[in-house]
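Asker: Here's a structure for you.
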Amino acid sequence: MTTLVVLQPGYMPWLGFFDQMKRSDIFVYYDDVQFDKNGWRNRNRIKAPDGSAHWLTVPVRTKGLESKRIMDIPIDTRAPWAKKQIGTLKQFYAKAPHAGEYLPQLEEILMKPWEMLIDLDIELVKQFCVWLGLKPNIKRSSELKIGGEKSGRLLALCKHFGASRYLSGDSAKDYLDMDLFKKEGVEVEWQQYKHPVYPQLHGEFIPYLSVIDLLLNAGGRSGEMI
């Protein structure tokens, strides 16, 4: 049975993103849909020394753009956002057991002269997959030229790849047309992700942070823990 996952790209995504990737036979970046301002495409959270969740945000430009698809969103390069984020990561995770293992390479990626958000997001996930021991079969919806709206398009993607199972995050229960999938013989599986608790700096455990928090704290065990 072939399992398809379709997810919008994210910035240093949370653990559940990689759980879906791990469980997929084919993983499609939904990169040609509307960019959601204040969403997860250009930001995520890490843990601050005071025990709170702290946002890392990549500034983007959307004003005046004809198209506001995720794949068309440029980074606002006027501010030294990457340098600032690296400084924050080094400060917050100075005592993390695996900081020396991952932060230098992460810094190298962030400091490249990125122009488009999609390129940065995909490159980071590619590196995280290496660290997590994942080898996903990745496609981009923008390159597949498969049209349709909402559930119909997701079903068309399943049929394109011959997928008999569609793995979805639980939030899609509010809008996914289950009858349509059932009618076409495609099983819908809900992720129902159980977030692991792992050793974490700065007090009480906080779930749903960026995967970088897991990596810096758990190192080579991270792939198994997801």
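Asker: Leaving out ligands and nucleic acids, note down the accessible area per residue over segment 107-186 with a 1.4 angstrom probe, in whole Å².
Answerer: On the way: 4520 Å² over 80 residues.
In whole numbers, segment 107-186 has 57 Å² accessible per residue.
Asker: Follow-up question, since we're still on this one. Would you mind working out the magnitude of the charge dipole of the chain relative to its Cα centre, with +1 at each Lys and Arg C-beta and -1 at each Asp and Glu C-beta, to the nearest 20 Debye? Don't skip to the end; give the middle numbers.
Answerer: Working: 31 positive and 28 negative charges, 48 e Å.
Value, rounded to 20: 220 debye.
Asker: Right, something else. What net charge do the residues around Leu134 carry, taking every other residue with its C-beta under 11 Å from that of Leu134, with Lys and Arg at +1 and Asp and Glu at -1? Write down the numbers at each step before the final one.
Answerer: Working: positive: Lys22, Arg23, Lys126, Lys135; negative: Asp19.
Residues near Leu134 contribute +3 overall.
Asker: Follow-up. So if R0 is 30 Å, what FRET efficiency would Arg78 and Asp50 give, r being the distance between their Cβ atoms, rounded to the nearest 0.05? Walk me through the numbers before you get to the answer.
Answerer: Values: r = 30 Å, r/R0 = 0.99.
Using R0 = 30 Å, I get an efficiency of 0.50.
Asker: Over 23 Å between C-alpha atoms is what I'm after, so list which of Lys22/Lys159; Lys37/Lys84; Lys47/Lys135; Lys135/Lys173 land there.
Answerer: Numbers: Lys22/Lys159 21 Å; Lys37/Lys84 21 Å; Lys47/Lys135 28 Å; Lys135/Lys173 28 Å.
Checking Cα-Cα distances, Lys47/Lys135; Lys135/Lys173 exceed 23 Å.
Asker: Ok, one more. If one computes the Cα centroid of segment 194-226 and of segment 1-59, what distance in Å separates the two points?
Answerer: Comparing the Cα centres of segment 194-226 and segment 1-59, I get a distance of 15 Å.
Asker: Quick check for you: which residues of segment 137-163 have the amide N under 13 Å from the point 7 Å beyond the Cα of Glu123 toward its beta carbon?
Answerer: From segment 137-163, the list is empty.
Asker: Tell me what the chain gives for mean residue ellipticity at 222 nm when only DSSP H runs of n ≥ 4 count, each as -39,500 (n - 2.57), the sum divided by the residue total, rounded to 500 deg cm²/dmol.
Answerer: Values: 9 runs with 83 residues, N = 226.
Using -39500 (n - 2.57) per qualifying helix, the result is -10500 deg cm²/dmol.
Asker: Here's a follow-up. For Cα pairs less than 8 Å apart in space and 6+ apart in sequence, what is the mean separation divided by the residue count of the chain, i.e. the relative contact order in percent?
Answerer: On the way: 358 pairs, mean separation 69.2, N = 226.
It rounds to 31 percent for the chain.
Asker: So for Leu157, Leu180, what's the accessible-area order with a 1.4 Å probe, most first?
Answerer: Details: Leu157 0, Leu180 50 Å².
Result of the area sort, largest leading: Leu180, Leu157.
Asker: Considering only protein heavy atoms, with the full assembly of protein chains and a 1.4 angstrom probe, order Ile146, Ile118 by accessible area, largest first.
Answerer: Numbers: Ile146 25, Ile118 5 Å².
Sorted by accessible area, descending: Ile146, Ile118.
Asker: If you put +1 on each Lys and Arg Cβ and -1 on each Asp and Glu Cβ, how big is the dipole of segment 117-226 around its Cα centre, in Debye rounded to 20?
Answerer: On the way: 14 positive and 15 negative charges, 85 e Å.
Around 400 debye, computed over segment 117-226.
Asker: Normalising by the residue count of segment 128-218, find the relative contact order in percent from Cα pairs under 8 Å and 6+ residues apart. All intermediate terms of the calculation are to be shown ahead of the outcome.
Answerer: Working: 62 pairs, mean separation 17.7, N = 91.
After rounding, I find 19 percent.
Asker: With a 1.4 Å probe and all protein chains left in place, how much of the accessible area of segment 1-141 comes from carbon and sulfur atoms, in whole percent?
Answerer: Carbon and sulfur together cover 50 percent of it.
Asker: I've got another one for you. Roughly how many Å² of Glu187 are accessible to a 1.4 Å probe, to the nearest 10?
Answerer: Glu187 has an accessible surface of roughly 80 Å² with all protein chains in place.
Asker: How big is the accessible area of His54 in square angstrom, nearest 10, if you roll a 1.4 angstrom probe over the protein chains?
Answerer: Looks like 70 Å² after rounding.
Asker: For a quick check of understanding: with a 1.4 angstrom probe and all protein chains in place, what accessible area in square angstrom does Thr77 have, to the nearest ten?
Answerer: That residue has around 80 Å² of solvent-accessible surface.
Asker: Show Tyr166, Tyr30, Tyr208 ordered by accessible area, largest first, where the area counts protein heavy atoms only and the probe is 1.4 Å.
Answerer: If we order Tyr166, Tyr30, Tyr208 from most to least accessible, we get Tyr208, Tyr30, Tyr166.
Asker: On a full-extension model of 0.36 nm per residue, what is the gain between Ser67 and Val130, subtracting their alpha-carbon distance, rounded to one decimal in nm? Walk me through the numbers on the way to the answer.
Answerer: Working: separation 63, 0.36 × 63 = 22.68 nm, distance 3.24 nm.
Gain in length upon complete extension: 19.4 nm.
Asker: List the trypsin sites (Lys or Arg not before Pro) in segment 118-226 that DSSP assigns to loop (not H, G, I, E or B) and whose Cβ has at most 15 other Cβ atoms within 10 Å. Which are they?
Answerer: Working: sites: Lys126, Lys139, Arg140, Lys145, Lys150, Arg153, Lys159, Arg165, Lys173, Lys182, Lys183, Lys194, Arg221; in loops: Lys145, Lys194.
Sites meeting the loop and neighbour criteria: Lys145, Lys194.
Asker: Net charge near Leu124, counting Lys/Arg +1 and Asp/Glu -1 over other residues with Cβ under 13 Å of its Cβ? Provide the component values of the computation, followed by the final result.
Answerer: Details: positive: Arg41, Arg43, Lys112, Lys126; negative: Glu107, Glu108, Asp119, Asp121, Glu123.
Net local charge, Leu124 excluded: -1.
Asker: Could I ask something else about it? Please give the contour-minus-distance gain from Asp170 to Val33: 0.36 nm per residue of separation, less the Cα-Cα distance, rounded to one decimal in nm. All intermediate terms of the calculation are to be shown ahead of the outcome.
Answerer: On the way: separation 137, 0.36 × 137 = 49.32 nm, distance 1.94 nm.
Taking 0.36 nm per residue and subtracting the Cα distance, the gain is 47.4 nm.
Asker: Provide the percentage of antiparallel DSSP beta bridges, counting only those with both residues in the chain; round to the nearest 5.
Answerer: 40
Asker: Quick one: dipole size for segment 39-167, taken about the Cα centre, charges +1 on Lys/Arg Cβ and -1 on Asp/Glu Cβ, in debye to the nearest 20. The partial results should precede the final answer.
Answerer: Values: 23 positive and 13 negative charges, 80 e Å.
Computed about the Cα centre, the dipole is about 380 debye.
The values are calculated or read from the model by the stated rules, or taken from the named source; none is laboratory data. Note that the coordinates shown come from a computational prediction; the quantities given were computed from them, not determined experimentally. Counting neighbours? That spans all protein chains shown, and the Cβs are built from the backbone with ideal geometry, glycine included. To get the accessible areas, we keep the full protein, side chains included, count just its heavy atoms, and leave off ligands, DNA and RNA. Shrake-Rupley method; radii C 1.70, N 1.55, O 1.52, S 1.80 Å.
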